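Notes follow the structure.
The values are calculated or read from the model by the stated rules, or taken from the named source; none is laboratory data. Since we're looking at a predicted model, the values are computed, not measured. With ideal geometry, Cβ positions are generated from the backbone for all residues, glycine too; neighbour counts draw on all protein chains shown.
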Amino acid sequence: MAALIAGACVYFFFQLAKAFGADYFGLEGSALVRRILLALFPIFGTWTWCNLGFGGAWQIALGLALLGQTAALYFTLVRPSPFVAGAFFALAFGNRTELLITLPLYTYFLWRRPNEELTPSSRSRMVRKGLRENVPMAMRFLSVPATLALLTAAYNFARFHSIFDFGYTHIPEVREEPWYEHGLFSIHAIQWNMYTMLFQGFESVSYFPHILPNGFGCSIFLASPFLCLLFREGGRYKVAAWVAIASLTLVLWCHGNPGSWQFSYRYAMILLPWMFLLLTANGTAKITVSEISLFAVSVAINGMATWLFLWTEQIQP
């Protein structure tokens, strides 16, 4: 299952690059090399490789959320199909509920805007025209997500007597865990999550490989130096991508537990489609030496982590 998710993600990332112009449609030249590198990066150049390799229910759910978002963006930006995009968005938020907050961004991308110049006298007419033209699109996009949301709410109410109770706190002993002292989500958890995601480092040991990842998290920038390229200037969809990353990160930081047993910060897997938009857009179509170098280092780090976690006994809970 993990391999299937990884392969599908790589495919949709490869296709999603087409959203950035004709340079990414060809199957030759340096643009193709960059396109392949960027498609491989979210899986093999990040913590996704190791965490998806665990193959547990929580990790598979994150992988499906990653796949759902990537495919939804493809069917929104490259090959607009509101119904299919909505179905994949439903797959995403069905596995990670917090992704519902990105819903407005998909409708924004799909929204068809009038070509006519607006004047004060024509503004209201153009608004009505825009709504009339886009309501069918919105209905197609929302049909599957709305159905899933209603069925989930009905299930939650029937089983837990609240549409907002997803059953997590009913897992034995979860409520007794110290990090949920202030609830499943709390602003008190922000500091711990922020430290784990951005600042926590590796551990040093006297034997090969002399440094070991902490089994309870480390900085995403340490796990994937390629992410340093996020901060280059320019890029299409820059504002929307940063809005998605910021809003999702805030929700993730409020979670009482920053991920437990993991490599790096597994929750951040759901940020990768939006990071992909930034990384693809804020560079040239021609691959650069810095991109190749940072990609190679990132793959090496995550390959080593995957080996240490899954094929050795050097890192244990």
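Among the conditions (1) of a type in the set (Val, Ile, Thr); (2) part of a loop (DSSP other than H, G, I, E, B); (3) crowded, with 17+ Cβ neighbours inside 10 Å, Thr196 misses just one, which is (2).
In this entry, Leu271 is excluded by the filter for residues that are surrounded by fewer than 19 Cβ atoms within 10 Å (Cβ to Cβ), at pLDDT 90 or above and of a type outside the set (Val, Ile, Thr). Residues of region 69-77 include none that is in contact with a Phe, Trp or Tyr (Cβ under 8 Å, 6 or more places away or on another chain) and without any contact (Cβ under 8 Å) to a residue 12 or more places away in the chain. Say whether the condition of being under 30 Å from Ala31 (Cβ atoms), exposed (fewer than 15 other Cβ atoms within 10 Å of the Cβ) and among the acidic types (Asp, Glu) is met by at least one residue in region 201-214. Within region 201-214, none of the residues are under 30 Å from Ala31 (Cβ atoms), exposed (fewer than 15 other Cβ atoms within 10 Å of the Cβ) and among the acidic types (Asp, Glu). Scanning region 149-164 for residues that are surrounded by 12 or more Cβ atoms within 10 Å (Cβ to Cβ) and either under 16 Å from Leu100 (Cβ atoms) or in contact (Cβ under 8 Å) with a residue 12 or more places away in the chain (or both) yields Ala149, Thr152, Ala153, Asn156, Ile163.
Candidates in region 1-22 are the residues that are within 16 Å of Arg266 (Cβ to Cβ) and crowded, with 18+ Cβ neighbours inside 10 Å; of these, the one that is nearest to the chain's Cα centre (by Cα) is Cys9.
For residues in region 291-317 being among the β-branched types (Val, Ile, Thr) and over 23 Å from the mean Cα position of the chain (by Cα), which is surrounded by the fewest Cβ atoms within 10 Å (Cβ to Cβ)? Checked region 291-317; the qualifying residue surrounded by the fewest Cβ atoms within 10 Å (Cβ to Cβ) is Thr312. Selection over region 245-291 of residues that are part of a helix (DSSP H, G or I), of a type in the set (Ser, Thr, Tyr) and either within 16 Å of Gly235 (Cα to Cα) or touching a Lys or Arg at 6+ places or on another chain (Cβ under 8 Å) (or both) gives a count of 1.
Considering region 243-260, and only residues there that are β-branched (Val, Ile, Thr) and either over 12 Å from the mean Cα position of the chain (by Cα) or closer than 20 Å to Tyr180 by Cα (or both), the residue that is surrounded by the most Cβ atoms within 10 Å (Cβ to Cβ) turns out to be Thr249. Return yes when Ala31 is closer than 30 Å to Leu198 by Cα and either of a type outside the set (A, V, I, L, M, F, W, C) or in contact (Cβ under 8 Å) with a residue 24 or more places away in the chain (or both) and no when it is not. Against the criterion (closer than 30 Å to Leu198 by Cα and either of a type outside the set (A, V, I, L, M, F, W, C) or in contact (Cβ under 8 Å) with a residue 24 or more places away in the chain (or both)), Ala31 does not qualify. All of Ala61, Ala57 fail the test of being aliphatic (A, V, I, L, M) and without any contact (Cβ under 8 Å) to a residue 24 or more places away in the chain, apart from Ala57.
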